[in-house]
Amino acid sequence: MEYLLHILVIAGIYIILTLSLNLIVGFTGLPSLGHAAFYCIGAYTSSLLALRLGVSPWLGMWAGALLAAASGLIIGYPSVRLKGDYLALATFGMGVIVYSIAKNWVSLTRGPLGLPGIPGFSVFGYQLSSPWMYIPLVYVFVLLTLIVIHRITSSPFGRVLKAIREDETAAQSLGKNTSRYKLLSFMVGAFFAGIAGSLYAHYITFIDPSSFTVMESITVLLMVIFGGMGSISGSIVGAVILVVIPELLRFVGLPSSIAAPMRQMLYGLLLVLLMLKRPQGLMGTYRFK
Amino acid sequence: MMEGKALLSVRDLTKTFGGLMAVNCVSFDIEKGTITALIGPNGAGKTTVINIISGLLRATGGKVVFKGRDITNLPPYRISHLGIARTFQNIRVFPQMTVLENMLVATKYRKGETLLYSVIPDRDVKVEDEQNLKKALHYLEFVGLMDKKDEFAGNLSHGQRRLLELARALATDADLLLLDEPTAGVTPRTRKKLLQLFTRLKNSGKTIMIIEHNMKVVRAVSDRVIVLSNGQKIFDGPPDKAFKDSRVIEAYLGTKWRYM
Amino acid sequence: MLNQLLLNGIIAGSIYALIAIGFTIIYRTVRFFHLAHGAVYTAGAYAAYTLIKLLKVSPILAVPIAVLLSALLGVVIDLLVYRPLRKEGASDLVLLLASFGAFIFVQNLIQLIYGAQILTLRSGEVKEGHHIFGAVITDVQILILLVSLFLMLVLWLFIHKTKIGKAMRAVADDPLGASVVGIDPERIIFVAFLVGSALAGIAGMLISLETNIEPTMGFTAILKGMIAAIIGGIGSIPGSVFGGFFLGLAENLGIWKIPSGWKDAISFVILIIFLLFRPSGIWSALYDRGGK
């Protein structure tokens, strides 16, 4: 039971990640392969604030989200100059760079040793410690993300994002400062990924760079594509299914030395199959151009 | 400065691609409330001129002055804000957005398109929304696409997309419209309709510059013709004289000209 | 010390160049980033390991078989994944993502079979190297260098002197024109994958003589190969050779100051700078023939 609840918490965190990436990839049409970078920045910022300075996770989370959003300006910058596969490669590189910083800036992050003993969230002095206590917390933020992303995408602002996705040149000549919108899209996406990172860190109480690899970025992207780019309900479905399925591998009793590569193989295969057979995913209408 | 009265002045505009001179020292003025046709054989540099005016390409040399203000090499969105709109030769509607959404993207928002007010409800945004909706519907009515407003733009016919692109350009409140082959590939009926619209727009005070291959269209609507050949201006004057000008005829005979 | 670093740079550079050339030969005909090239490289090393260490096949026989297997893997990926996408006119981005998927799949398949641990192809003790110009070079390193240079020469002859090589150049320079004169682009793409993947497999084997092998080795390899190709002006074969040696030397001379943990990050900083500011590479500026 505890295990099922744990999966539910993790699924919630991935829903936030997938929704936030969908804003960038599915609604604005910018292929971003470095989303784990924002997740990483959010997680490390609020963990370090809590461990070194004793800052409450409630505050640290916003600091992490804001720092992630600020970094969205740098990590998203290639989108101003590059398109398509070149942009994908550049954002991918950004993801590797942030991962390398987490791994090699040992004096700050303790490198591969990771940060143990991260304090959990506390409510009225009572420390949340088990999955069932984290479920309401995480799902409040899932709901918040959902509402904000929904409002953004159905507003005139979101309409401009979609126009950029459809035809950036046309959007520019209709008076839209598309570079600005693209960067804002990255920043909002980064902000929520930062929140997800903070939730993850304080829930698991331990982080190390291995949670924020390139593969993590690809996994979230896969969730977006699988659920359907530009579809909010698709992101929820995509995240939940792709979190749960690999857990089944472990559930049937495969050791992790087999389950881990099988999970990755599954993701790789799914990415290939989606590109071949259903690039718009389960519930999407948009596909990469 | 001689640019006093003209709405748009182009001076010594030059564009090179690699070693190739696409536009070579082209100058002209455009008066308010006129229709000017920009013609010339394929590869003459017509679209390049429009791309530079609208900011999609940077000029190698020369300048563009609009309403007395130097707009050379400003980013396209600034040029749009100043009152120049354009359409594209290879139609660029937003295919997976409805016709109405296409229109609304073109309308101006002060607050509604800011990130903050996309999240926070606000009364001003509601007012903007209503005004812009009214404007969008007005121009859809103007081009006759009202019954298509909830269709995806990608599902429209070729001619309907041309009409939508025109309506969308109008929704930016532009004073100067740069239309790149707006009647290419449309049915004779739509072409006739477009010509009527151009005249109505001119009469309402809009200024139009049009790239056109169909000489009937040029004769029917334009007050003035500018002819480009190999990146240079070879003629500038009224349409009836253009087709008698020896240099113009030579330029067209020198290429495979099939439109005369 | 400097001579040693230069030598190390040249040896690393020759491996990077091999990967980059294979990547470029394929890129020239299909025009997208074939990331799974990195997995082919890994597969080459593991094929050699399996044949030599596990099946005790004589290296003289094992090496050609491993090369053939790598070449086939490249071709299979093309036939199963890229060709159907090409037929639909998929964009470069879609192909890149599919390639990523194929890369992840093959890499993890290898990990599933062989485990994540480090393996080694070397046997016997490490022999003392030879001393030249104050630098030490081992037999294996001499082999790597000679094989790489030999392959570059063979490849040059193949591209410039054979009929199929000339056809490949024609497709790379002008795909439409080539199809007009009756060259079947699919056949050329097939040959490109065959040759390019064989080169990746050889590079994987050569490196496994020098260092250990592990399932994730292809990631750094394709990264380095791609950066070399981009530095050289993507699509140019001489550019890739230049880019490979340039990167190898830059890394090894930079090692004086930069800790080795940052290598991947530095590579990507270089890559992003090139993508943003000089997508045509530096080779094209030095020697105006390569590039798009």
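The values are calculated or read from the model by the stated rules, or taken from the named source; none is laboratory data. This one's a predicted model, so the numbers in the text were calculated from it and none came from an experiment. Heads up, the Cβs are rebuilt from the backbone with ideal geometry, glycines too, and the neighbour counts pull from every protein chain shown. With ligands, DNA and RNA removed, areas are computed over all heavy atoms of the protein, side chains included. Shrake-Rupley method; radii C 1.70, N 1.55, O 1.52, S 1.80 Å.
Note on chain B: with a GNM built from Cα contacts shorter than 10 Å, the maximum mean-square fluctuation among B:159, B:55, B:144 falls on B:144. Quick one: grab the alpha carbon gyration tensor of the range B:9-124, order the square roots of its eigenvalues as a ≥ b ≥ c, and give me rounded if a/c is under 1.5, else prolate or oblate depending on whether a/b is larger than b/c. It comes out prolate by the Cα gyration axes.
Hey, any idea what the orientation-averaged projected area of the convex hull of chain C's Cα atoms comes to, in nm²?
Working: hull surface 63.3 nm².
So the mean shadow area of the Cα hull is 15.8 nm².
With +1 on the Cβ of every Lys and Arg and -1 on the Cβ of every Asp and Glu, and nothing else charged, how large is the dipole of the range C:2-286 about its Cα centre, in debye rounded to the nearest 20? Provide the component values of the computation, followed by the final result.
On the way: 18 positive and 14 negative charges, 68 e Å.
Magnitude of the dipole: close to 320 debye.
Based on C-alpha pairs under 8 angstrom that are at least 6 apart in sequence, the range A:2-210 has a relative contact order of 44 percent.
Send over a whole-number figure in Å² for the accessible area per residue of the range C:2-286, probe 1.4 Å. The partial results should precede the final answer.
Details: 11880 Å² over 285 residues.
Counting only protein heavy atoms, the per-residue value for the range C:2-286 is 42 Å².
Rounded to the nearest 5, what is the percent of antiparallel bridges among the DSSP beta bridges in the protein assembly as shown? Could you put the intermediate results ahead of the total?
Working: 27 of 43 bridges.
If we restrict to bridges inside the protein assembly as shown, about 65 percent are antiparallel.
Restricted to Cα atoms, the range C:1-60 shows a radius of gyration and a Dmax of 15.6, 43 angstrom. What would the Debye formula give as log10 I(q)/I(0) at q = 0.09, 0.17 Å⁻¹ for the alpha-carbon point model of chain B, no solvent? Those come out to -0.42, -1.36, one per q.
Compute the angle between helix A:256-277 and the longest alpha-carbon principal axis of chain A, please, reported from 0 to 90 degrees and rounded to the nearest 10. It works out to around 10 degrees. FRET efficiency for the pair residue A:250 and residue A:210, taken as 1/(1 + (r/R0)^6) with r the Cβ-Cβ distance and R0 = 22 Å, rounds to 0.80.
What number, rounded to the nearest 500 deg cm²/dmol, is the helix-based mean residue ellipticity at 222 nm of chain B, given -39500 (n - 2.57) per DSSP H run of at least four residues and division by all its residues?
Numbers: 10 runs with 97 residues, N = 260.
The helix contribution divided over chain B gives -11000 deg cm²/dmol.
Per the Debye formula on identical point scatterers at the alpha carbon atoms of chain A, with no solvent, log10 I(q)/I(0) at q = 0.10, 0.12, 0.13, 0.14 Å⁻¹ is -0.50, -0.72, -0.85, -0.99.
When a/c reaches 1.5 or more, the comparison of a/b and b/c decides; with that in mind, is the protein assembly as shown rounded, prolate or oblate per its Cα gyration tensor? Walk me through the numbers on the way to the answer.
Details: a/c = 2.22, a/b = 1.37, b/c = 1.63.
The shape class here is oblate.
One chain, two ends: residue B:12 and residue B:246. Fully extended at 0.36 nm per residue, the span grows by 81.9 nm beyond their Cα-Cα distance.
Structural descriptor for the range C:2-286: relative contact order 39 percent, calculated from alpha carbon pairs under 8 angstrom and at least 6 residues apart.
Taking Cα centre as origin and charging only the Cβ of basic (Lys, Arg, +1) and acidic (Asp, Glu, -1) residues, the dipole magnitude of the range A:2-210 rounds to 440 debye.
A dipole drawn for the protein assembly as shown from +1 and -1 charges on Cβ atoms has a positive end, and of C:44, A:152, A:49 the residue lying farthest that way is A:152.
What ranking, highest mean first, results for peptides B:202-213, B:103-114 when packing means the other Cβ atoms within 10 Å averaged over each residue? Kindly include the intermediate steps, with their values, before the conclusion.
Values: B:202-213: 18.6, B:103-114: 21.7.
Ranked from most to least packed, the peptides come out as B:103-114, B:202-213.
How well do other chains shield peptide A:208-220, expressed as the mean number of their Cβ atoms within 10 Å of each residue Cβ? Intermediate values should be presented prior to the final figure.
Numbers: counts 0, 0, 0, 0, 0, 0, 4, 4, 0, 0, 5, 1, 0.
The shielding value for this peptide is 1.
A Förster radius of 25 Å combined with the Cβ-Cβ distance from residue B:123 to residue A:144 puts the calculated FRET efficiency at roughly 0.60. Taking every lysine pair in the range A:2-210 that is 8 or more places apart or spans two chains, those with Cα atoms closer than 16 Å amount to 4. Calculated mean residue ellipticity at 222 nm for chain A: -24000 deg cm²/dmol, from DSSP H runs with n ≥ 4 weighted as -39500 (n - 2.57), summed, divided by the residue count and rounded to 500.
On average, how many beta carbons from a partner chain sit within 10 Å of the beta carbon of a residue in A:180-189? Provide the component values of the computation, followed by the final result.
On the way: counts 2, 2, 0, 0, 3, 1, 0, 1, 3, 0.
Per-residue shielding by partner chains comes out at 1.
For the options B:77, B:139, B:117, a Gaussian network treatment of chain B with springs between C-alpha atoms closer than 10 Å singles out B:117 as fluctuating the most.
In a reduced charge model with +1 at each Lys and Arg Cβ and -1 at each Asp and Glu Cβ, the protein assembly as shown shows a dipole moment near 2140 debye about its Cα centre. Selection among C:279, C:148, A:71 by position relative to the dipole of the protein assembly as shown gives C:279 as farthest towards the positive end (Cβ unit charges, Cα centre).
Out of every Cα pair in the range C:46-186, what percent are spaced more than 21 Å from each other? Mind showing how you got there, number by number?
Details: 6478 of 9870 pairs.
In whole percent, the share of Cα-Cα pairs in the range C:46-186 beyond 21 Å is 66.
Just tell me how shielded B:117-124 is by partners: mean number of partner chain Cβ atoms within 10 Å of each residue's Cβ, no decimals.
Numbers: counts 3, 14, 8, 1, 1, 0, 0, 0.
Mean partner-chain Cβ count within 10 Å for B:117-124: 3.
Across the options C:199, A:199, C:11, the greatest Cα extent toward the positive end of the charge dipole of the protein assembly as shown (unit charges at beta carbon of Lys, Arg, Asp, Glu) belongs to C:199.
Shape verdict for the range A:32-180, please, from the Cα gyration tensor: rounded (a/c under 1.5), prolate (a/b greater than b/c) or oblate. Note, shape of the range A:32-180 comes out oblate.
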